[in-house]
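Trainee: Dropping a structure here in structure tokens format, bear with me for questions.
Computed from the coordinates by the stated procedures, all read-outs in this text should not be read as laboratory data. No experiment lies behind these values; they were computed from the predicted model shown. Note that each Cβ is placed from the backbone with ideal geometry, even for glycine, and that neighbours are counted across all protein chains shown.
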Amino acid sequence: MGATDKCIITLVKLRVLTWLAIGLGVVLATTAHAQSVRIGYVNMKEVLDNAPQVIAGREKLDQEFRPRNDAIELEEARVDLLEQRLARGDLTPGDQAGLEREIREARRSINRQREDLRDELSFRRTEEVQSLEDQINIAVQEIAQRYGYDLVLSSPVVYASPTLDITDLILDQLQVEFDADELERALP
């Protein structure tokens, strides 16, 4: 190994040590700065389960889809009565075959109606949550600014200490906004 090779190896080692020193400096500076950062955590599942806007949306969807669900349940009750009639065994073979076909077709129809109802309800729930997303984000930003949070994380996270949890503050803010919206709607 010549003098040139030793110089190159020394330069490479020096460059690696320089990068390590820079990296260590960045880590130390970040750690020192992070101690002064105020962090909050929001459990979004709890917000989406308990926010008054979400509860009102659920009630609205229930009212919207209840008649269709009731109609399906009524049809299921009718089919149950047909099956009881079939089970008595007092039908002619032709009538029995016709009743079996009617029951089979009714069950298929019920299954399709249930699936359609489930799909549409799922779609509408997603729409409702998306329409509330901006309102929830604004509430989080208002709480963060009001209480001096530098960073607010939302679930899912691997772990958040309960001392960081500001979910109740967010729910309180959403309740205030919901009450204000209700008052506004009640005004002529």
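Trainee: Among the residues of the range 47-70, is there at least one that is surrounded by 12 or more Cβ atoms within 10 Å (Cβ to Cβ) and outside any helix (DSSP H, G or I)?
Mentor: Taking every residue of the range 47-70 in turn, at least one turns out to be surrounded by 12 or more Cβ atoms within 10 Å (Cβ to Cβ) and outside any helix (DSSP H, G or I).
Trainee: Right, here's the next one. Kindly list, by first and then second residue, each pair from a residue in the range 41-63 that is of a type in the set (S, T, N, Q) to a residue that is not in a helix (DSSP H, G or I), limited to pairs with Cβ atoms under 9 Å and residues at least 6 apart or on different chains.
Mentor: N43/S154; N43/S155; N43/A160; N43/D165
Trainee: Specify the residue that is surrounded by the fewest Cβ atoms within 10 Å (Cβ to Cβ); the eligible residues are those in the range 155-178 that are in a helix (DSSP H, G or I) and free of Cβ contacts under 8 Å to residues at least 24 places away in the same chain.
Mentor: Among those residues, the one meeting the criterion is P162.
Trainee: Regarding A87, is this residue part of a helix (DSSP H, G or I), in contact with a Gly (Cβ under 7 Å, 6 or more places away or on another chain) and of a type in the set (G, A, S)?
Mentor: Against the criterion (part of a helix (DSSP H, G or I), in contact with a Gly (Cβ under 7 Å, 6 or more places away or on another chain) and of a type in the set (G, A, S)), A87 does not qualify.
Trainee: Show the residue pairs meeting these rules: Cβ distance below 7 Å; 6+ apart or different chains; first residue within the range 110-124 and assigned to a helix (DSSP H, G or I); second residue charged (D, E, K, R).
Mentor: The qualifying pairs are I110/E75; I110/E76; L117/R68.
Trainee: May I pose another question? Which residues, taken from the range 102-128, are of a type outside the set (D, E, K, R), surrounded by 15 or more Cβ atoms within 10 Å (Cβ to Cβ) and under 25 Å from G57 (Cα atoms)?
Mentor: The answer is Q113, L117, L121.
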